[in-house]
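To start, the structure under review is shown below, and the notes come after it.
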Amino acid sequence: MSDYKNILQDTHGRDHAYLRISLTERCNLRCTYCMPSDGVQLSPKSHLMTYEEIYEIAKTFVDHGVTKIRLTGGEPLVRKDIPVILEKLATLPVELSITSNAVIIDRFIDVLKANGVNKINVSLDSLDEGKFKHITRRHEFKKVYDNILLLVKAGFTVKVNAVLMKGFNDNEIIDFINFTKDLPVSVRFIEFMPFDGNKWDMNKMVSYAEVMTYVNETFSADKIERLQDAPNDTSKNYKIKGYKGSFAIISSVTNPFCDSCNRLRLTANGQLKNCLFSSGESDLLSTLRAGKSIEPVIQKAVRSKFKVRGGMDTLKKLQEPKLHNNNRSMITIGG
């Protein structure tokens, strides 16, 4: 351990114990809210972290108090050295999890289990095959659906993430909740958030309050159970009594959970983002490759973190395109 102490604590007293690492900017789907229609300029391979560099950076964070690492992308499983990355990170004393679109996850069941990856988040924005094809621009619905069932059968803890968009899939909210009737999964409804190229519009967003209106109109009050949220949880959790699974709402826009935020993000090209909404980045990879300590860079980045949503502390500010169009598209941040 170096002389640097509390480098993961910001000026608002928040300790950051959760690191999300994007392994790649590539994906085998083309979701409209994640990737601009004309694609993204991918970083040259030489600009991306190698598995050794991912491990070295991750170890520094773990040495300073990170206890949970989630691997994201793009689609993390399209990276050819994913088994090696998992094996290296599994040697660290952390809880290791992954977010995937599940298109090819059936090929990795054994390697995930072997490296202690028990929690898997799957992105699925529609239970309708036609809508799925429209939003992902790919014809992979059956594969994803079957793989969710396979993951559950294999004993993984599965969360299904659905980004809600008004007029597109908000009429599926109850279908998604009913999906939890016989399956022990957690469906999480995510408010549509602004990123470069995704044509964000406040009017497209389905709020936490609107989701609960659907729920309250469909189920009687005695059937709706409010669950205890975990510490630092981003979601408000519920279940329908008698259902095997549960559902939750992640209300990043209307009810931000910034007060208890303990998350940092590392992009595939080695940039540290202290907030999903922040356009600012700190270059850890160049510092590492120059043979210098990344600890002062981490400390400076963490201490410059805004109290709320990258400084966009009101809905009015969030609706100012110039405040969020300088941010990356979601695919190059990491889900």
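The values are calculated or read from the model by the stated rules, or taken from the named source; none is laboratory data. This one's a predicted model, so the numbers in the text were calculated from it and none came from an experiment. Calculation scope for accessible area: heavy atoms of the full protein, side chains included, ligands and nucleic acids excluded. Shrake-Rupley method; radii C 1.70, N 1.55, O 1.52, S 1.80 Å.
Quick rundown of the values:
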quantity: Cα convex hull volume per residue for region 35-150 (Å³); calculated: 121 Å³
quantity: Region 171-305, relative contact order in percent, only Cα pairs under 8 angstrom and at least six apart counted; calculated: 21 percent
quantity: With DNA, RNA and ligands ignored, accessible area of Arg263 (1.4 Å probe; Å², nearest 10); calculated: 40 Å²
quantity: Gyration tensor (alpha-carbon) shape descriptor, region 105-242, a/c threshold 1.5; calculated: oblate
quantity: Order of exposure, largest accessible area first, which applies to Asp233, Asp63 with probe 1.4 Å; calculated: Asp63, Asp233
quantity: Over region 81-179, relative contact order from alpha-carbon pairs under 8 Å, at least 6 apart, %; calculated: 29 percent
quantity: Solvent-accessible area of His134 with every protein chain in place, 1.4 Å probe, in Å² to the nearest 10; calculated: 120 Å²
quantity: Carbon + sulfur, % of accessible area of region 232-295 - ligands and nucleic acids excluded, 1.4 Å; calculated: 43 percent
quantity: Quarter of the Cα convex hull surface for region 62-126, i.e. its orientation-mean projected area (nm²); calculated: 4.7 nm²
quantity: Most to least accessible of Leu127, Leu71 (protein chains only, probe 1.4 Å); calculated: Leu127, Leu71
quantity: Residue-level accessible surface for Asp125, protein heavy atoms, 1.4 Å, Å²; calculated: 10 Å²
quantity: Per residue convex hull volume, Cα atoms of region 213-313, in Å³; calculated: 138 Å³
